[in-house]
Structure formats: structure tokens, C-alpha cells
Amino acid sequence: MSVQQTLSIIKPNAVAKNAIGAICDRFEKAGLRILAARMLHMSREQAAAFYAVHQGKPFFDELVGFMTSGPVLAMALEGEDAIALNREIMGATNPAQAAPGTIRADFADSFTENAVHGSDAPDTAATEIAFFFPEGVCVRTR
Ligand code: UDP
């Protein structure tokens, strides 16, 4: 185990439910620290670039449409084993398979509108954090 950083996005459907506080509470209670946070309404270009790896897949257009349907909260999180820990708290991508008590089990509306994003590996975490926070993130000593 080591201290890692990961990129979290609270997606438009969860923002619309006023669930930002409830979701951040889960991160903080699990020991994840917020190093940066930015509320933004993504453009189609931004969403397509962020999800470029999924370009050409059947769900791509629906995903870009959803991610640009309202504001999101992008955050850089830090903690021991943060990437896997965040994904555990999030639950499975398909909310129908998400374990009870996970964010997606509690706040997702569909496979696409699944409430949160979390980086899946150290290299993507670094790229994704730089995508939203090119100026860098805070260092927290306490
Ligand atoms: N997605 C979808 N249909 C699918 C697969 C994915 O709508 O069949 C959406 C869903 O919002 C998911 C995002 O595309 O969170 C990115 O998919 P990925 O496989 O990277 O899952 P994640 O890393 O978000 O769990």
C-alpha cells in the first residue's frame, strides 16, 4: 500500500440530487482527503476529450450528452491506496451490480448516469488530475 492520488467526478445526476455533501462525506469518512475541487459545466469538447478512450463505443454519445447535461464536481483525492479505495466506495460501473451501501448503489439512475467517476490506475489518475487541475493540487500536511 502507498499514498496515491485519484480523480473523482460527481456526475450531473448526483449534483442535481444535491448529493455532493453526502458523497464527499463518504470519501472523508473513508480517510480520503480532498486536495482540489472544481465545479464546472463541461463542454462537449471537454467531455469527449476526457472520455476519448470510449470514442466509437455504442454508449459514447449518450455518455457525452449526460456529462454535459449539467455541472459536475471534479476533485483530486488522496489517501492510502486511494485509487482502489475510491472504486470500492463507488461500487461497480453498472449500478445493478453495485454492492449495497456503495455510492452507485445509492445514487445512480442508470448504467450511464452512475453518479461518480473514479480513476482506474495510477497513470490515468495522473492524466485525469492534470486534465482538471493543470495548475496542480494542494499538499496537505494535516
Ligand atoms: N458507460 C455506459 N455504458 C456502458 C459502459 C459505460 O454508459 O456500457 C458509462 C458509465 O457512465 C461509465 C462510463 O461510461 O461510468 C465510463 O465507463 P468505464 O468502463 O470507464 O467505467 P468506470 O471507470 O466509470 O467505472
Can you name every residue in segment 114-142 that is part of a helix (DSSP H, G or I), more than 11 Å from the ligand (Cβ to nearest atom) and not aromatic (F, W, Y)? P122, D123, A125, A126, T127, I129, A130
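Mind checking which residues of segment 1-19 are hydrophobic (A, V, I, L, M, F, W, C) and open to solvent by less than 50 Å² (accessible area, probe 1.4 Å)? So that I can check it myself, show each step before the final result.
We begin by selecting, within segment 1-19, every residue hydrophobic (A, V, I, L, M, F, W, C); these are 1, 3, 7, 9-10, 14-16, 19.
Across segment 1-19, the qualifying residues are L7, I9, I10, A14, V15, A19.
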Since R142 meets every condition but one in (1) without any contact (Cβ under 8 Å) to a residue 60 or more places away in the chain; (2) surrounded by fewer than 21 Cβ atoms within 10 Å (Cβ to Cβ); (3) within 14 Å of the chain's Cα centre (by Cα), which condition does it not meet? (3)
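Which residue out of F111, F66 is assigned to a loop (DSSP other than H, G, I, E, B), surrounded by 13 or more Cβ atoms within 10 Å (Cβ to Cβ), aromatic (F, W, Y) and within 11 Å of the ligand (Cβ to nearest atom)? Explain how you work it out, then say what you get.
Values: F66 fails: assigned to a loop (DSSP other than H, G, I, E, B).
Exactly one residue qualifies, and that residue is F111.
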Here the residues within segment 1-31 that are within 16 Å of the ligand (Cβ to nearest atom) and among the β-branched types (V, I, T) are T6, I9, I10, V15, I23
Regarding I34, is this residue within 15 Å of the ligand (Cβ to nearest atom), within 17 Å of G118 (Cβ to Cβ) and not aromatic (F, W, Y)? no
Can you pull out every residue in segment 47-61 that is of a type in the set (A, V, I, L, M, F, W, C), over 17 Å from S8 (Cβ atoms) and open to solvent by less than 70 Å² (accessible area, probe 1.4 Å)? A48, A49, A52, F60
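Search segment 73-93 for residues being open to solvent by 40 Å² or more (accessible area, probe 1.4 Å) and in a loop (DSSP other than H, G, I, E, B), and hand back the single one that is nearest to F27 (Cα to Cα). Before the answer, list the steps.
To start, the set of residues in segment 73-93 that are open to solvent by 40 Å² or more (accessible area, probe 1.4 Å) comprises 80-81, 84-85, 87-88, 93.
Of the ones still in play, those that are also in a loop (DSSP other than H, G, I, E, B) are 81, 93.
Details: D81: 13, T93: 17 Å.
My answer is D81.
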Of R104, R38, R33, R44, the only residue that is surrounded by 18 or more Cβ atoms within 10 Å (Cβ to Cβ) and among the basic types (K, R) is R104
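The values are calculated or read from the model by the stated rules, or taken from the named source; none is laboratory data. Since the structure is predicted, the reported quantities are computational estimates derived from the model, not experimental observations. Glycine also receives a Cβ, built like all others from the backbone with ideal geometry; neighbour counts cover every protein chain displayed. Heads up: the accessible areas ignore ligands, DNA and RNA and are worked out on the full protein's heavy atoms, side chains in. Shrake-Rupley method; radii C 1.70, N 1.55, O 1.52, S 1.80 Å.
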